[in-house]
Amino acid sequence: MGELFDVLKLHFEYVLIVSGMFFMLGAMLNWKWMNECSTADTGNLWKRFVYENWGVLGFRVLNFLCGLVLALCGILFLFLR
C-alpha cells in the first residue's frame, strides 16, 4: 500500500486530472450520489447558498467548474514539471 502512495505522490498531476474529470463527468451525467449527498443539503456553507439560489442545475455547474479547475491545475503542473 505504501508503494501505491509513493507512485501517487510522484505523479500527483494525473491524480488531479482524473479527479477533475470525475467531477466533470458526474456533473454532466447528473449522478445523484454526487449532486445530492453533499454539504448543500446540510450546513450553512457556500455550496448551500448556490443550491438554494440556483437549484440542482446551479450546483451541477459548480461541481463542473470545480472539476475543471482541478483538471487544469493538473495539466499546468504536468507541463511545469
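The values are calculated or read from the model by the stated rules, or taken from the named source; none is laboratory data. Since the model is a prediction, treat every value here as computed from it, not as a measurement. SASA here: full protein model, heavy atoms, side chains in, ligands and nucleic acids out. Shrake-Rupley method; radii C 1.70, N 1.55, O 1.52, S 1.80 Å.
Assorted remarks:
- Summary value for the chain: 45 percent relative contact order, contacts being C-alpha pairs under 8 angstrom separated by 6+ residues.
- Protein accessible area in the chain, 1.4 Å probe - carbon and sulfur %: 74
- On Cα atoms only, tilt of 12-28 relative to the major axis of the chain in degrees: 30
- The chain: angle of helix 46-80 to the longest principal axis, Cα-based, in degrees nearest 10: 10
- Computed over protein heavy atoms with a 1.4 Å probe, the accessible surface of the chain works out to 73 Å² per residue.
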